[in-house]
């Protein structure tokens, strides 16, 4: 009887730990950074260099003279049209759920026309670990022998050991190590708690 309850508790705790792990990869972007959703901000420049993925969140923080309308491309270009969704609570979060472009404007007269509009392109959630290295190229190289120096301008590469046919696996990135540590600590805590019961 006690083991059955313990098993259910451990299974539930493991599910909770595993449910939290994908959230570690999601990112919340405060639109406009420290300037927030406000007049006089270059939102095209703010988007530059950022990757928005399914699962990420846009957070619009703004004062009472502003609001947020999600619009289509035509509404974005014309600073009008019928909004897909409207928000005026001062702290609006938009969960990015689908791949493709998303458009937002401030509908206060004159604000969108003066640049208070945002266009982001949402890409699929990463199937791998963020920041994980790409596998090395499989292009064959000419190994050098210990007796012959490498050709000028060619970096010296070690000769693979006999019988070795593939390069070693890439090292895990810091992000994957952190998440793995998080999962292992969570599982250890659950199992440790179960042992004390």
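Exactly one of these conditions fails for residue 31: (1) at positive phi; (2) touching a residue at least 60 places away in the same chain (Cβ under 8 Å); (3) in contact with a strand residue (DSSP E or B) (Cβ under 7 Å, 6 or more places away or on another chain). Give me its number.
Residue 31 satisfies all of (1) at positive phi; (2) touching a residue at least 60 places away in the same chain (Cβ under 8 Å); (3) in contact with a strand residue (DSSP E or B) (Cβ under 7 Å, 6 or more places away or on another chain) except (1).
So residue 62 passes all but one of these: (1) more than 27 Å from the chain's Cα centre (by Cα); (2) on the phi < 0 side of the Ramachandran plot. Which condition number does it fail?
(1)
Out of 107, 101, I need the residue that is surrounded by 15 or more Cβ atoms within 10 Å (Cβ to Cβ), within 30 Å of the chain's Cα centre (by Cα) and modelled with pLDDT of 95 or more. Which one? Before you say what the answer is, go through the steps one by one.
Numbers: 101 fails: surrounded by 15 or more Cβ atoms within 10 Å (Cβ to Cβ).
Sole residue among the options that is surrounded by 15 or more Cβ atoms within 10 Å (Cβ to Cβ), within 30 Å of the chain's Cα centre (by Cα) and modelled with pLDDT of 95 or more: 107.
Here's the yes/no breakdown for (1) under 18 Å from residue 32 (Cβ atoms); (2) in a strand (DSSP E or B):
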residue: 69; (1), (2): yes, yes
residue: 77; (1), (2): no, no
residue: 103; (1), (2): yes, yes
residue: 111; (1), (2): yes, no
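Name the residues in the stretch 1-56 that are at pLDDT 75 or above, outside any loop (DSSP other than H, G, I, E, B), surrounded by 11 or more Cβ atoms within 10 Å (Cβ to Cβ) and under 15 Å from the mean Cα position of the chain (by Cα), would you?
29, 30, 47, 52, 53
The values are calculated or read from the model by the stated rules, or taken from the named source; none is laboratory data. Note that this is a predicted model, so its numbers are computed, not measured. No Cβ is skipped: glycine too gets one built from the backbone with ideal geometry, and neighbour counts run over all protein chains shown.
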